[in-house]
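Here the structure is laid out as structure tokens; the discussion comes afterwards.
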Amino acid sequence: MNMFCYQCEQTAKGTGCTAHGVCGKDPETATLQDVLNYAVKDIARYAHRARELGAKDDEVDAFVTEAMFACVTNVDFDPERLQETIARGAEIRRKAVEMYEKAAREAGREPEQLNAEVAWWENTGDMDDLLRTGEQVTIQKRIDKYGEDVAGLQELTYYGLKGAAAYTDHARVMGYTDDELFGRFHETLSYLAEEPTDPQALTAKALGAGEINLKAMELLDGANIGLYGSPEPTQVRITPVKGKCIVVSGHDLKDLSELLEQTAGKGVNVYTHGEMLPCHAYPALKKHPHLVGNYGGAWQDQRQEFDEFPGAILMTTNCIQKPKDSYKDRIFTTGLVAWPGVTHIPDNPGGPKDFSPVIEAAMAAPGFAEDAEEKTITVGFGHNAVMGVADKVVEAVKAGDIRHFFLVGGCDGAKPGRNYYTRFVEQVPDDCVVMTLACGKFRFFDKQLGDIGGIPRLLDVGQCNDSFSAIQIALALSDAFEPLQAFLFDDGRVVVRNELPAGVEAELAWVVGEKSGATPISVGAGERWDGDLLPKGSDATTVSFEVRTDAGTVTNTVERG
């Protein structure tokens, strides 16, 4: 069985994975995700039209965002679970159709006939039939039909929605929702279901997906702060402590909170990993003394790091890689993340999840035999923390003590040349501040950059969704700012990334620039540092955009692989 996927910049040869995903996704999983992506757009056609008539349904809304999130890079790679999700989607579709048709008739209208070209909802219980269905709805078929540029823009828009869906679902499970967001999802998905071909209109929709993401990140920011308090500067140990242990990776604060409650007093130390590192800054989480530190770095190093970790491993949300046999019996998944053969901790609609299997695995493992030499870093520079000393920051900027702010963020990867970001941060002048977020920070998170008048030169803003914090900081300090220059790593969600999907050809980068008000500038121009900071082998395929807004000018570098 063949596959085609290019939703992340790790994709094979920079063009697309066709035999097996670089992320670990197999062709069967990729094909089922193609079906689920097609299903989501089909369901949204009915949900969108129903909303225009005043009808909506919470279950339909939740399914659409869950299904999109499940198809984000390194989330659900279990074919059996994907089949179950598609089968549930068939029931959701029936519910959405009935809702729309009822609303139409109550409004005195004849419902539109919206039959999909592929009847994906039939025979969902037969895996072979589902796989045959998937072969009819591949990205490659649209590339062949419409060309790489149009299909690439369709996917760029959809990938943007996937990122927003991830953030929206995180907020939803914590009890925070936004009805307008669900409406925007359905509207844009319904548009994509018609397979539009106008590049200008598609580009506008892609930029609209950015607006949706900002709103989704704001919602999640409110949920995290509402439940766990506003992040505050906090020192975090990054070396092991003697004792039994659990490491938690992914992004989900609620899962970590419930695990901390269930491990209290049991003699088990809890560590964060990857994008969970910023959790140490939330008052309601860091109050637990057995949340002892952070273990390891970014997601792409997990197979070696988990192999060496002497305890249990809990994966929340995305970023899982194929587990090694050496730790497959002590790694657990929960939420939407899944891997075949890995024990899954199910949801509990009536209360907290039961993490006792994780705790038992930790107790059975050896744990760390001794304390390592203590080393710490500082996290917790979210927008509220920075705004608390805004007057001091503004004074330093106006006095010329701080000349420039850089944002070096996004999610890391194994692609060669990533040491560029390490070298960049090391060479940033002493009168400049670097803000960072997401797991890209692990390229330099332990660098001792010092401070400027008591203001740290390296500010860890948080997780990938905390791009919202970085934006709020920039807006709040815009009167004093020189341009904030942004260098973004890739993220499998497009929202927080430095590269367009492989299907969006270079010339379309210029279309995006024109539609967004961004001005393309040449390599090495403007505020860029000297050329030796470019990744080895880089040439004119590197494009920078200066985005001019009311808050000032933001420069973003887009590196084509």
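The values are calculated or read from the model by the stated rules, or taken from the named source; none is laboratory data. In this text the structure is predicted, and so the values were computed from the model without any measurement. All Cβ positions, glycine included, derive from the backbone under ideal geometry; neighbour counts span all protein chains shown. The accessibility values were calculated without ligands, DNA or RNA, using every heavy atom of the protein model including side chains. Shrake-Rupley method; radii C 1.70, N 1.55, O 1.52, S 1.80 Å.
Give me a count of the residues in the range 120-137 that are buried (at least 20 other Cβ atoms within 10 Å of the Cβ) and not aliphatic (A, V, I, L, M). Total satisfying the criteria: 5. Selection within the range 64-78: residues that are open to solvent by 10 Å² or more (accessible area, probe 1.4 Å) and more than 13 Å from the chain's Cα centre (by Cα). The member of this set that is farthest from GLY163 (Cα to Cα) is ASP78.
Only one entry in ARG81, ARG88 is under 22 Å from the mean Cα position of the chain (by Cα) and either part of a helix (DSSP H, G or I) or not polar (S, T, N, Q) (or both), namely ARG81.
Among the residues examined, ASP430 does not qualify as free of Cβ contacts under 8 Å to residues at least 12 places away in the same chain and over 28 Å from the mean Cα position of the chain (by Cα). Residue count for the range 333-371, restricted to those that are closer than 25 Å to VAL72 by Cβ and part of a loop (DSSP other than H, G, I, E, B): 14. Within the range 382-397, if we keep just the residues that are touching a Gly at 6+ places or on another chain (Cβ under 8 Å) and assigned to a helix (DSSP H, G or I), the residue that is most open to solvent (accessible area, probe 1.4 Å) turns out to be LYS392. Every residue in the range 122-155 that is more than 29 Å from LEU202 (Cα to Cα) and among the hydroxyl-bearing types (Ser, Thr, Tyr), please. The answer is THR124, and nothing else. Of all residues in the range 391-427, those that are of a type in the set (A, V, I, L, M) and within 14 Å of LEU459 (Cα to Cα) total 5.
When we screen ILE92, ILE86 for residues that are in contact (Cβ under 8 Å) with a residue 24 or more places away in the chain, buried (at least 16 other Cβ atoms within 10 Å of the Cβ) and within 16 Å of ALA30 (Cβ to Cβ), the only hit is ILE86.
Checked against (1) touching a residue at least 24 places away in the same chain (Cβ under 8 Å); (2) over 20 Å from THR188 (Cα atoms); (3) assigned to a helix (DSSP H, G or I), GLY152 meets all criteria but (2). Look at the range 9-38: where a residue is within 19 Å of MET127 (Cα to Cα) and a partner is of a type in the set (Ser, Thr, Tyr) and modelled with pLDDT of 90 or more, sitting 6+ places away or on another chain with Cβ atoms under 6 Å, you get ASP34/THR138; VAL35/THR133. Hey, does the range 13-27 have a residue that's aliphatic (A, V, I, L, M) and not in a loop (DSSP other than H, G, I, E, B)? No, there is no match, as no residue in the range 13-27 is aliphatic (A, V, I, L, M) and not in a loop (DSSP other than H, G, I, E, B). Consider the range 189-220 and keep the residues that are open to solvent by 20 Å² or more (accessible area, probe 1.4 Å) and under 15 Å from the mean Cα position of the chain (by Cα). The one that is nearest to VAL173 (Cα to Cα) is LEU219.
What about TYR159, is it in contact (Cβ under 8 Å) with a residue 40 or more places away in the chain and more than 19 Å from the chain's Cα centre (by Cα)? Judged against the criteria, TYR159 is not a match. Residue pairs whose Cβ atoms lie under 6 Å apart, sitting 6 or more positions apart in sequence or on different chains, and linking a residue in the range 120-139 that is among the aromatic types (Phe, Trp, Tyr) to a partner that is surrounded by 15 or more Cβ atoms within 10 Å (Cβ to Cβ), are TRP120/VAL35; TRP120/TYR38; TRP120/ALA39; TRP120/THR133; TRP121/ALA90; TRP121/ARG93. GLU101 falls short on exactly one of the conditions (1) open to solvent by 70 Å² or more (accessible area, probe 1.4 Å); (2) without any contact (Cβ under 8 Å) to a residue 24 or more places away in the chain, and that condition is (1). Against the criterion of being in a helix (DSSP H, G or I), modelled with pLDDT under 95 and open to solvent by 60 Å² or more (accessible area, probe 1.4 Å), ASP446 does not qualify.
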